[in-house]
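Enquirer: Mind looking over this structure? Questions follow.
The values are calculated or read from the model by the stated rules, or taken from the named source; none is laboratory data. All figures in this text were calculated on a predicted structure; none of them were measured in a lab. Ideal geometry is used to build each Cβ from the backbone, glycine not excepted, and the neighbour counts take in all protein chains shown. For the accessible areas, the whole protein counts, side chains as well, though only heavy atoms, and no ligand, DNA or RNA atoms are used. Shrake-Rupley method; radii C 1.70, N 1.55, O 1.52, S 1.80 Å.
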Amino acid sequence: NNPKTTLNEAFLGLLYPTLNYKVYGYLTNTKVKFILVTTDLDVRDTDVRNFFRKFHAAYVDAVSNPFHVPGKKITSRTFAQTVSNIVGSYGLN
């Protein structure tokens with residue numbers, strides 16, 4: 001009985017490690033896939049999971065806009081700024 005809104009998610013974890021980067025995956029309940037590629041080889045799974053949760057919430061807000069056409073590129077400046085802030089908060093610039 002958590003009063004917070006929860007998003008159904010499937011953190012896929014580390015998909016493909018190499019010597020130079022790591023690839024992580026995330027699948028939403030609507031089958032939208034997010035991929036994160038990072039050169040930070042010491043990144044923790046909990047940080048990546050939190051990153052995806054924040055990104056997923058921003059994505060849901062953007063596609064819930066009544067002016068957004070499903071299947072089209074998200075052109076919202078607010079979405080772009082939110083994603084930039086999320087990325088910046090993890091030092092992934």
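Enquirer: Any residue in the stretch 21-49 that's more than 18 Å from SER89 (Cβ to Cβ): show its pairings with residues that are polar (S, T, N, Q) at Cβ separation under 6 Å, as long as the two are six or more apart or on different chains.
Expert: Every condition considered, the pairs that remain are TYR21/THR39; LYS22/THR38; ASN29/ASN8.
Enquirer: Please tell me if ALA80 is open to solvent by 40 Å² or more (accessible area, probe 1.4 Å), among the small types (Gly, Ala, Ser) and part of a helix (DSSP H, G or I).
Expert: yes
Enquirer: Inspect the stretch 50-65 for any residue being at pLDDT 90 or above and surrounded by fewer than 12 Cβ atoms within 10 Å (Cβ to Cβ) and give the result as yes or no.
Expert: So far as the stretch 50-65 goes, yes, one or more of its residues are at pLDDT 90 or above and surrounded by fewer than 12 Cβ atoms within 10 Å (Cβ to Cβ).
Enquirer: Please find, among LEU15, LEU27, LEU36, the residue that is in a strand (DSSP E or B) and buried (at least 17 other Cβ atoms within 10 Å of the Cβ). I'd like the intermediate steps shown before the answer.
Expert: Details: LEU15 fails: buried (at least 17 other Cβ atoms within 10 Å of the Cβ); LEU27 fails: buried (at least 17 other Cβ atoms within 10 Å of the Cβ).
None of the others qualify; the one that does is LEU36.
Enquirer: Within the stretch 39-49, take every residue that is of a type outside the set (S, T, N, Q) and in a loop (DSSP other than H, G, I, E, B) and give me the one that is surrounded by the most Cβ atoms within 10 Å (Cβ to Cβ). Please lay out each step first, then the result.
Expert: In the first step, residues of the stretch 39-49 are kept if they are of a type outside the set (S, T, N, Q); the result is 40-45, 47-49.
Checking the rest, the ones that are also in a loop (DSSP other than H, G, I, E, B) come to 40-44.
Details: ASP40: 13, LEU41: 11, ASP42: 7, VAL43: 18, ARG44: 9.
The qualifying residue surrounded by the most Cβ atoms within 10 Å (Cβ to Cβ) is VAL43.
Enquirer: Just to be sure, is VAL87 free of Cβ contacts under 8 Å to residues at least 60 places away in the same chain, assigned to a loop (DSSP other than H, G, I, E, B) and either in contact with a Leu (Cβ under 8 Å, 6 or more places away or on another chain) or surrounded by 15 or more Cβ atoms within 10 Å (Cβ to Cβ) (or both)?
Expert: Against the criterion (free of Cβ contacts under 8 Å to residues at least 60 places away in the same chain, assigned to a loop (DSSP other than H, G, I, E, B) and either in contact with a Leu (Cβ under 8 Å, 6 or more places away or on another chain) or surrounded by 15 or more Cβ atoms within 10 Å (Cβ to Cβ) (or both)), VAL87 does not qualify.
Enquirer: So, in the stretch 16-49, of the ones that are out of contact with any Phe, Trp or Tyr (no Cβ under 8 Å at 6 or more places or on another chain) and under 16 Å from VAL87 (Cβ atoms), which residue ends up modelled with the highest pLDDT?
Expert: Restricting to residues being out of contact with any Phe, Trp or Tyr (no Cβ under 8 Å at 6 or more places or on another chain) and under 16 Å from VAL87 (Cβ atoms), the top hit is TYR21.
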